[in-house]
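K.L.:
Before I ask anything, let me first share the structure, which is written out below as C-alpha cells.
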Amino acid sequence: MYTVKELFPTLQGEGAHAGRAAVFCRFAGCNLWSGREEDRATAICQFCDTDFVGSDGSGGGKFETAQQLADKIEDAWRSTSAGPQQRYVVFTGGEPLLQLDASLIDALHGKGFSVAIETNGTIKVPKNIDWVCVSPKAGSQLIALQADEIKLVIPQAGHDSLENLMARFEGMDYRNRFLQPMDGPNLKENTDLAVRLCQKRPLWRLSLQAHKLIGIR
C-alpha cells in the first residue's frame, strides 16, 4: 500500500534539473515531523512549508500495488501530451524513502521513467534510483553521504557556522552542491546570504524555487 498526498505533472523547480518536465509524486509521512502544527516546535525539522498529511491532495490517494501507482504516474505524464521520451518522475514528501521501494522503481523503469527522489538523507537510498537529491536537516543523523546533488536550505536553526557545514559537505561525494534560501518572511535576507556564500565558496551554486517564482506547482 502506498499513500500519496498529491501527484501532478509540472516542471522541476529546483536544483540541477530545474525547468525539466516531470511528474511529482508526494508521499504522505515524514520521519522528522508529523506534519501537525501542534508538533512543529518539538520536531527535528521545524521549517517545512509542505502539507504531506493524508491522501486528499490533487491526484492523491491510496494505491494497493506498485503497478497501480506506476499507471497513475504514467497517466499524469501523458496528460500534458508528452511523448515517451525523457519520462521523469520525482518522489518527494515528507520523506519518500519511507514508502518508495524496489517494486515501484522497477515498475516505473519498465515504463521508461527515470526515477528521482528528494530525501532528507536519514534513510538508506536504494541503488537503482536514477537521481538522488539530499536535503539535510539540522539535528538529524545524515547517512546518505553521497548523492547526485545536495540541496542545503539556509539558514536553519542549529547551523551556527554555515561555512564550516559547507566545508564538511564539500568533503563528501555529492556531484552537485546547491544552496537554497529558505522561503518565508526573510526570503530576501536569506537569498542575499546564499548569494554571498556561493560567491565565496564556488563549489556551490544558488538554487531558487522557480516554480514559486512563476506561479506553478
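The values are calculated or read from the model by the stated rules, or taken from the named source; none is laboratory data. Remember, predicted model here, so these are calculated numbers, not experimental data. Note that we place each Cβ from the backbone using ideal geometry, even for glycine, and neighbour counts take in every protein chain shown.
K.L.:
Name the residues in the range 116-134 that are out of contact with any strand residue (DSSP E or B) (no Cβ under 6 Å at 6 or more places or on another chain) and over 27 Å from Arg40 (Cα atoms), would you?
P.N.:
Passing the criteria: Pro126, Lys127, Asn128.
K.L.:
Restricting attention to the range 7-25, which residues are under 18 Å from Ser79 (Cα atoms) and outside any loop (DSSP other than H, G, I, E, B)?
P.N.:
Residues satisfying the conditions are Leu7, Phe8, Pro9, Thr10, Leu11, Ala21, Ala22, Val23, Phe24, Cys25.
K.L.:
Of everything in the range 11-37, what is small (Gly, Ala, Ser) and either touching a residue at least 40 places away in the same chain (Cβ under 8 Å) or in contact with a Lys or Arg (Cβ under 6 Å, 6 or more places away or on another chain) (or both)? Give them in sequence order.
P.N.:
Gly13, Gly15, Ala16, Ala18, Gly19, Ala21, Ala22, Ala28, Gly29, Gly35
K.L.:
Name the pairs: first residue in the range 65-77 and in contact (Cβ under 8 Å) with a residue 60 or more places away in the chain, second residue surrounded by fewer than 19 Cβ atoms within 10 Å (Cβ to Cβ) and in a helix (DSSP H, G or I), Cβ to Cβ under 7 Å, at least 6 apart or on different chains?
P.N.:
Ala66/Ser103
K.L.:
Could you tell me whether the range 135-146 includes any residue that is farther than 29 Å from Ala41 by Cβ and of a type outside the set (D, E, K, R)?
P.N.:
Yes: one or more hits.
For (1) over 27 Å from Ala21 (Cβ atoms); (2) surrounded by fewer than 19 Cβ atoms within 10 Å (Cβ to Cβ); (3) aliphatic (A, V, I, L, M); (4) without any contact (Cβ under 8 Å) to a residue 12 or more places away in the chain, each residue gets a yes or a no:
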position: Glu95; (1), (2), (3), (4): no, no, no, no
position: Ala107; (1), (2), (3), (4): no, no, yes, no
position: Thr119; (1), (2), (3), (4): no, no, no, no
position: Lys124; (1), (2), (3), (4): yes, yes, no, no
position: Leu145; (1), (2), (3), (4): yes, yes, yes, no
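K.L.:
Quick check on this structure: which one of Asn190, Asn186 is at pLDDT 95 or above, among the polar types (S, T, N, Q), farther than 22 Å from Phe27 by Cα and touching a Pro at 6+ places or on another chain (Cβ under 9 Å)?
P.N.:
Just a single option satisfies the conditions, and that option is Asn190.
K.L.:
Next question. Is it the case that Arg205 is at pLDDT below 95, of a type in the set (D, E, K, R) and closer than 26 Å to Arg20 by Cβ?
P.N.:
When the stated conditions are applied, Arg205 does not pass them.
K.L.:
Also: Looking only at the range 38-69, filter to residues that are in contact with a Ser or Thr (Cβ under 6 Å, 6 or more places away or on another chain) and outside any helix (DSSP H, G or I); which one of those is nearest to Asn186 (Cα to Cα)?
P.N.:
Ile44
K.L.:
Only residues that are among the aliphatic types (A, V, I, L, M) and surrounded by 14 or more Cβ atoms within 10 Å (Cβ to Cβ): list them for the range 188-216, please.
P.N.:
Residues satisfying the conditions are Leu193, Ala194, Leu197, Leu206, Leu208, Ala210.
K.L.:
A further question follows. Taking the residues in the range 183-217 that are assigned to a loop (DSSP other than H, G, I, E, B) and of a type in the set (S, T, N, Q) as candidates, determine which candidate is farthest from the chain's Cα centre (by Cα).
P.N.:
The extreme case among them is Asn186.
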